[in-house]
Every structure is written in C-alpha cells, then in structure tokens.
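The structure under discussion appears below in the form of structure tokens.
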C-alpha cells in the first residue's frame with residue numbers, strides 16, 4: 001500500500017542540519033507493570049521514570065509479541081508474523097523493507113548489539129538480511145568483560161552494564177549518521193546478575209519507599225531476584241546515558257527505549273499485561289516533553305521514524321510499504337486508532353487489539369485508560385473485531401504460501417537481500 005505515515009515527531013523536535021543518530025535500546029522483559037507512574041506493582045525504574053519526564057512517553061504502549069522472537073521484525077520492520085514468527089523462516093524470509101535497510105541505503109552506518117548469542121531466535125539472520133554493518137554478541141566480546149553468573153552451567157551472556165560499555169568502546173566518533181540497536185538480557189530468567197546482593201538490597205529499599213502493605217511486600221519478596229534485575233537494568237541505563245552524553249554526537253542523537261515484552265515470571269494481572277511495555281523517546285533535540293495516553297505499538301515506530309526523516313532530512317524511502325503499523329499516535333488522552341495483532345509465543349496468534357477492545361481467543365475484554373481490562377459480552381463488537389483479525393490472518397497465511405511481500409522493482413531499487 002501507499003505509505004501514508006504522517007510525520008508526528010517534528011512538532012516536538014528542534015530542526016537540525018545533520019541527520020540524527022538513532023539508538024534503539026530494547027530492555028529484556030521491561031513491562032509497564034513495574035515501571036513509571038501508575039505501575040500497579042509500583043515502579044522499580046526510578047531513572048527511566050525521571051527520563052520520561054524529559055521525553056516523549058507513551059504510557060499505554062504494546063509490544064508485538066509476548067517473547068523476544070517478535071521484537072526485531074515488529075520494531076524495525078513492522079512486519080507480519082508468518083507461521084511461527086517472521087525470523088523462523090531463516091534464510092527463506094520474504095524480501096522485506098525495514099528501518100535498518102532503508103537507512104543503510106541512505107548512508108547510515110547500522111549495527112546490532114546483543115548481550116546473548118545472536119543466533120537466538122535467528123536474530124543474526126534477520127539482521128544480516130538488513131545488511132547491517134556489524135553484529136556484535138556474546139561471541140565477539142573480548143577479554144576484560146564479565147559474563148553473568150551461570151545457572152546449571154549456562155549463562156545467557158553479559159549484563160547490561162558490560163553490554164553498554166562494549167557498545168561505547170566499539171563506537172568511536174563517526175563521520176556518517178548511524179542506526180544502532182541494543183538488546184539486553186540481564187532481566188531474563190534465571191535473573192542472575194553480578195552484584196546481585198547489592199541490587200536486591202536496592203529493590204528492598206524501593207519496596208519500603210513505595211509504602212507497600214506487609215502483604216504486598218511479602219508477595220514482592222517472592223520475586224526479589226526479578227525486581228533486583230529491574231533495578232540493575234535501570235541503573236545500567238542511567239550509567240549508559242551519562243557516558244553517552246560525553247560523545248560529540250550526543251546532541252544529535254535520538255534514543256528510543258522500550259521493552260521487548262513484559263516479563264511473565266512476575267504474575268500478571270491480565271492478558272494484555274504480557275504486551276504492556278513503556279516507550280520513551282529521549283533526545284537533546286527535543287524542544288518539549290510530552291506524555292501520551294493513546295495506544296500505539298512496536299509496529300508503529302518504524303513508520304513514524306521514516307516519516308520524520310523523510311520530511312525533515314530528505315530521506316529516500318519507497319512510497320509503497322508493507323508496514324502493519326500506521327505510526328505513533330500523539331493524542332494526549334486515551335484512545336486507540338490502531339488495529340494490532342499480538343503473538344504471545346511462536347505458536348499462539350490469538351490476540352488482537354482494536355479500539356477499546358482486546359480479543360484473546362474467544363474472550364473479549366474492554367480496555368481502560370490504564371490498560372486494565374474487564375471481560376465483556378458484546379457479540380456485535382466481538383464479530384467486528386474477529387472479522388478484522390481474520391483479515392490479518394488471511395494475509396499472514398497468504399504470505400506463508402506465496403513468500404512474497406514486495407514487487408521486484410522495489411527489491412532491486414533498495415538492494416533488498418533475497
């Protein structure tokens with residue numbers, strides 16, 4: 001279809017001469033349930049909370065998936081899921097456009113930094129398909145970096161602080177703009193980090209400051225390892241931005257911070273909770289902060305970034321797109337203008353959010369302005385949403401059968417890998 005994504009970011013940004021650097025920070029398991037004002041478990045991210053006050057902040061934001069497998073295709077490509085997640089097609093992924101491939105064609109340097117093994121969920125193959133300039137993961141860390149503690153002989157890789165330090169050391173000042181994607185792993189099961197006792201103590205102090213009841217405190221203490229890693233991730237982010245601010249390109253950098261999904265190991269209050277994550281866009285280029293209650297998702301980020309760069313920096317991007325999303329909604333009050341499919345696991349495509357409603361299997365829920373939900377019986381609404389969901393599923397099935405998203409002319413023009 002014609003890419004009609006509006007430029008919604010310009011009203012908040014100062015004009016700049018040079019194209020901005022973009023740093024996407026995806027924090028493993030970072031959910032809204034325990035981050036920022038209104039978090040029903042209390043917020044364990046004091047730095048991210050303070051940063052959001054100086055940022056564009058979407059409090060009712062959704063991931064595209066309930067596990068990490070979905071995050072790169074949805075975030076960078078606004079892509080459909082295919083049968084078991086877009087990356088599961090491995091070398092046979094249909095040729096596609098993404099933020100990374102479009103920016104690469106426009107002279108951006110592109111990279112992906114992951115604290116674990118990039119072959120996990122075929123993320124390395126996906127990023128290779130975008131022709132990124134460098135893929136860095138646990139296998140490329142030199143000596144002098146400490147992995148996280150092992151559990152039964154296995155460690156996921158490196159903590160957030162080590163990942164950010166590695167990122168900064170690998171990124172000296174460059175003459176061309178860059179898109180860099182960072183994906184952390186410390187907030188993943190088994191929730192073992194270096195300096196665990198220190199961060200457990202911080203989490204307990206946080207519980208005290210949140211004035212939890214004794215019953216709530218007892219419940220939170222069952223998940224002290226999880227909360228300690230959240231405190232650690234927040235502290236690591238604070239350190240990273242402090243160090244990055246010393247770089248010469250800091251004033252021309254846009255930081256996009258989100259979670260890949262909400263960690264499921266801390267019990268969830270609802271079905272939608274699994275997908276409810278923060279989105280914070282921070283930049284020294286921001287003229288003013290803003291807070292949005294409107295619902296958007298990972299699918300909407302790339303269309304909005306492309307729209308912003310096209311309008312303000314002459315980005316050469318195709319007029320046709322296959323985006324699932326239509327761009328970020330910057331309405332201040334609660335509303336949802338999107339229709340968004342959500343895939344919880346690689347075998348479960350049963351969630352669809354449209355308007356004020358969430359369809360989960362055969363159950364219909366009405367969403368509140370805080371994304372709490374209550375089950376409702378309204379067959380008229382249910383049929384309308386099911387019809388939209390089925391249209392998406394039909395297109396998704398077609399893609400599996402035909403393996404085709406784009407015309408040859410676009411594949412050739414943008415040198416898209418096949």
inquiry  = I want to check the label-to-label distance for residue 370 and residue 131. Put each point 7 Å from Cα in the C-beta direction and report it in nm to one decimal.
reply    = 4.9 nm
ask   = What nm distance separates the two modelled labels at residue 288 and residue 239, each placed 7 Å from Cα along Cα→Cβ?
value = 3.7 nm
request  = Please give, to one decimal in nm, the separation of the simple spin-label points placed at residue 345 and residue 388, each 7 Å out from Cα toward the Cβ.
outcome  = 2.8 nm
message = Roughly how far apart, in whole Å, are the Cα centres of the range 304-355 and the range 281-301?
response = 13 Å
ask   = Of [x] 4, 16, 20, 19, 15, 12, 8, 4, 2, 1, 0; [y] 4, 23, 34, 27, 10, 1, 0; [z] 5, 22, 32, 24, 10, 4, 2, 1, 0, 0, which one was derived for P(r) over Cα pairs in 10 Å bins from 0, in percent from the structure shown?
value = [y]
Computed [θ] at 222 nm, helices only, for the chain once each DSSP H run of length n ≥ 4 contributes -39500 (n - 2.57) = -9000 deg cm²/dmol
key: FRET efficiency estimate (nearest 0.05) - Cβ-Cβ, residue 54 to residue 4, R0 41 angstrom   = 0.85
inquiry  = Please compute the length gained on full extension between residue 221 and residue 409, using 0.36 nm multiplied by the number of residues separating them and subtracting their Cα-Cα distance.
reply    = 61.9 nm
request  = Using R₀ = 51 Å, calculate the FRET efficiency as 1/(1 + (r/R₀)^6) where r is the Cβ-Cβ separation of residue 145 and residue 84; round to 0.05.
outcome  = 0.95
Cα-based shape type of the range 96-173, given that a ≥ b ≥ c are square roots of the gyration tensor eigenvalues and the cut on a/c is 1.5 = oblate
request  = Specify the inter-centroid distance of the range 191-254 and the range 39-105, based on alpha-carbon positions, in whole Å.
outcome  = 22 Å
inquiry  = Quick check on the range 20-337: of the DSSP beta bridges with both residues there, what percent are antiparallel, nearest 5%?
reply    = 30 percent
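Every number in this text was worked out from the coordinates using simple rules, so none of it is lab data. Here the structure is a predicted model, which is why all the values come from computation and not from measurement. Counting neighbours? That spans all protein chains shown, and the Cβs are built from the backbone with ideal geometry, glycine included.
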